[in-house]
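S.K.: Have a look at this one.
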Amino acid sequence: MAKDKGKDKKKDKSKAPAPAATKAAPLTLLGHSENRLPTSPDEATLEVFPNRTPGRNYRINLSAPEFSSLCPVTGQPDSAHLEIVYVPDKLCIETKSFKFYLASYRNFPAFNEVIVNRILDDLVKACAPKQMHIRGDFGARGGISLSCEAKFPDWPDEEEAICEGGCHHH
């Protein structure tokens with residue numbers, strides 16, 4: 001999660017994650033290869049840096065084709081290709097800290113849908129983007145593939161949440 005200097009760490013259960021601070025702390029992972037990987041997302045730190053072009057709406061695409069986690073029921077590994085697209089506001093996600101953050105899921109048991117939504121919440125908390133969209137395409141288990149998408153701000157109503165294939169999110 002993003003560094004918070006002594007703030008209450010209770011989880012906000014509202015739909016929209018709380019906006020992040022507008023100032024970036026010094027980067028601690030970039031240029032330091034001796035850092036060890038965090039053992040869980042709770043231990044991980046997402047670092048940010050100031051957006052160098054804050055007056056322009058542009059997209060940043062992050063792709064993680066080798067994401068892995070654990071099934072919370074069987075303990076078997078799950079794999080996914082994660083795609084994150086966001087329009088930054090004042091802060092951008094530093095990619096080395098993002099890599100460490102994603103690696104923290106390797107031994108973390110969680111359902112695929114929970115993972116996608118948690119990553120969205122953690123990234124929004126860290127950088128307070130104007131918009132963010134995350135998609136996780138998880139490997140097939142028992143002949144069934146699972147994809148999950150979440151976005152910030154959330155779909156405003158059911159009409160906006162219509163899937164490309166015609167299904168609705170309920």
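S.K.: Determine if region 14-29 includes at least one residue that is at pLDDT 80 or above and either part of a loop (DSSP other than H, G, I, E, B) or open to solvent by 70 Å² or more (accessible area, probe 1.4 Å) (or both). Reasoning before the result, please.
M.R.: Keep residues of region 14-29 that are at pLDDT 80 or above, which gives none.
Scanning region 14-29 turns up no residue that is at pLDDT 80 or above and either part of a loop (DSSP other than H, G, I, E, B) or open to solvent by 70 Å² or more (accessible area, probe 1.4 Å) (or both).
S.K.: With at pLDDT below 95 and in a helix (DSSP H, G or I) as the only criterion, which of K96, K125 stands out? Even if it seems obvious, please write down each step before you answer.
M.R.: Details: K125 fails: at pLDDT below 95.
K96 is the lone residue from the list that is at pLDDT below 95 and in a helix (DSSP H, G or I).
S.K.: S145 is checked against (1) small (G, A, S); (2) under 15 Å from A64 (Cβ atoms); (3) in contact with a Gly (Cβ under 9 Å, 6 or more places away or on another chain) and fails just one. What number does that condition carry?
M.R.: So the condition that S145 fails would be (2).
S.K.: Looking at P109 and the list (1) under 19 Å from S145 (Cβ atoms); (2) more than 13 Å from the chain's Cα centre (by Cα); (3) not hydroxyl-bearing (S, T, Y), which single condition is not satisfied?
M.R.: (1)
To keep it simple, each residue is scored yes or no on (1) open to solvent by less than 70 Å² (accessible area, probe 1.4 Å); (2) touching a Phe, Trp or Tyr at 6+ places or on another chain (Cβ under 6 Å); (3) in contact (Cβ under 8 Å) with a residue 40 or more places away in the chain.
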{"position": "V87", "(1), (2), (3)": "yes, no, yes"}
{"position": "E94", "(1), (2), (3)": "yes, yes, yes"}
{"position": "K99", "(1), (2), (3)": "no, no, no"}
{"position": "Y105", "(1), (2), (3)": "yes, no, yes"}
{"position": "V124", "(1), (2), (3)": "yes, yes, yes"}
{"position": "A128", "(1), (2), (3)": "yes, no, yes"}
{"position": "F152", "(1), (2), (3)": "yes, no, yes"}
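S.K.: Could you pull out the residue among I60, I115 that is of a type in the set (A, V, I, L, M) and surrounded by fewer than 20 Cβ atoms within 10 Å (Cβ to Cβ)? Before you say what the answer is, go through the steps one by one.
M.R.: Values: I115 fails: surrounded by fewer than 20 Cβ atoms within 10 Å (Cβ to Cβ).
Going through I60, I115 in turn, the sole match is I60.
S.K.: Filter region 130-146 for residues that are touching a residue at least 60 places away in the same chain (Cβ under 8 Å) and more than 20 Å from T95 (Cα to Cα); which is surrounded by the most Cβ atoms within 10 Å (Cβ to Cβ)? Spell out how you get there, then give the answer.
M.R.: Step one: list which residues in region 130-146 are touching a residue at least 60 places away in the same chain (Cβ under 8 Å), which gives 130, 136, 138-139, 141.
Cutting the leftovers down to more than 20 Å from T95 (Cα to Cα) gives us 138-139, 141.
Numbers: F138: 21, G139: 14, R141: 13.
Of everything passing the filter in region 130-146, F138 is surrounded by the most Cβ atoms within 10 Å (Cβ to Cβ).
The values are calculated or read from the model by the stated rules, or taken from the named source; none is laboratory data. Everything quoted here is computed from the prediction, not taken from an experiment. Neighbour counts are summed over all protein chains in view; Cβ atoms, including those assigned to glycine, are modelled from backbone coordinates with ideal geometry. Side chains included, ligands, DNA and RNA excluded: accessible areas come from the protein's heavy atoms. Shrake-Rupley method; radii C 1.70, N 1.55, O 1.52, S 1.80 Å.
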